[in-house]
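Written out below as structure tokens is the structure these notes cover.
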């Protein structure tokens, strides 16, 4: 028995550059980067040094607090460098690919394994970080039993990839085997949430061992946090796990082939891409093969992920661990004198300030310009229009700024993640970095509850 939920709050940003449903040819890049900064709350400790040879599945670093959580190389080759930032913060470990050699983790049937055996397989292979938890939006703690698992079968972020297209071009057996493995991690339900606005792939609707739900409405209707809030809310002391749909496929490959190969289909999107389309890539791959010669001239922003929650990378930077999208848009490095006073036929505004609001179906070539500086953080009532959850976003943000633990608990901090407030940041008239505030609140709660 499936459930259907229609959301009214939210907003779809009309940005140009969606990917054509075509998988382009792409050669394997020479270099791959695994980034500890992709994993909030992680204290990494290196297992390798520059010059070491590794196989696909070899540990590169591990969690200092929970040593059994390891992060492994996506390819075989040589460790080239360990990039560090301020205070020697580890930013990325770069591996140069040489051949295709894999550590053999032994094929097995997850339906015949126990929860502990499946957990051990995921930990050793480096696929455990694919399992995240709410509260705190961090890598799940092995040994816990979540009350349920959530898998989102669609994404509503700007220019997000079409998961129906991805699934129809992926091995269905890997997906079924991955679901079988994930279902052993909980005594509760495995919730697969699909898009109620469109017809879903029959591969998804016919999957055994999952409970289907359908969400429709504007972004963030595809966010796991929204699904959890409406289907199985997280209270104090409870844990819910989240797994990305393409990571479920990688888990299935691990059990069917016995190797760690985090291959995924990514969407190259954005107004500055000449031929936006899909490509098969390995997680952590350099994006240079798909962007070189395929973008417009000019000063551009390369993003691993979407424009709301993605991470800025270089033109030869690396695909993030959880990302299935690369976006290229113009940099907003310019100043507009009295820009607010112009009619704005080519500008977009959530509040319908410009004359462009007369063309509601138009897509825009949006850039990174803030169109203003940080100012007083005041009540506007705008955030509530784009957060389809029964919380008070402004009050929660102020509780975080005040480090008021009790207020944060009462206002729903356990259910939210940074991405759930991304639209608030986009339309914020005060130009506040709201996602950073939410992350600081989650880190504070995790520290207090540990």
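Computed quantities for the displayed model
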quantity	calculated
Simple label model, 7 Å out from Cα along Cβ direction - residue 288 to residue 173, nm	3.7 nm
Pair residue 447, residue 364: separation of 7 Å Cα→Cβ label points (nm)	3.7 nm
Gain upon complete extension [residue 374, residue 430; 0.36 nm per residue less C-alpha separation]	19.6 nm
Point-to-point label distance, residue 114-residue 83, nm (Cα→Cβ direction, 7 Å offset)	4.3 nm
Calculated FRET value between residue 45 and residue 395, using beta carbons and R₀ = 45 Å, to 0.05	0.70
Residue exposure sequence - 281, 394 - by fewest surrounding Cβ within 10 Å	394, 281
Those residues of segment 407-442 whose amide nitrogen sits under 20 Å from the label point placed on residue 65, 7 Å along Cα→Cβ	408-409, 413-419, 436-442
Packing-based ranking, highest mean first, of 53-59, 364-370 given that Cβ atoms within 10 Å are counted	53-59, 364-370
Estimated [θ] at 222 nm from DSSP helical runs (n ≥ 4, -39500 (n - 2.57)) normalised by residues in the chain, nearest 500	-6000 deg cm²/dmol
Theoretical FRET efficiency, 1/(1+(r/R0)^6), r = Cβ-Cβ of residue 211 and residue 315, R0 30 Å, to 0.05	0.10
Ranked list, fewest to most other Cβ atoms within 10 Å of each Cβ, for 168, 323	168, 323
Highest-MSF residue in the chain out of 438, 131, 378 [GNM, Cα springs under 10 Å]	378
Gyration tensor verdict on segment 162-279 (Cα atoms; rounded if a/c is under 1.5, prolate if a/b is larger than b/c, oblate otherwise)	oblate
Gyration tensor verdict on the chain (Cα atoms; rounded if a/c is under 1.5, prolate if a/b is larger than b/c, oblate otherwise)	rounded
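Values in this text are rule-based calculations from the coordinates and carry no lab data. Just so we're clear, the structure is a prediction, and the values are computed from it rather than from any experiment. As a convention, Cβ positions derive from the backbone with ideal geometry for all residues, glycine included, and neighbour counts pool all protein chains shown.
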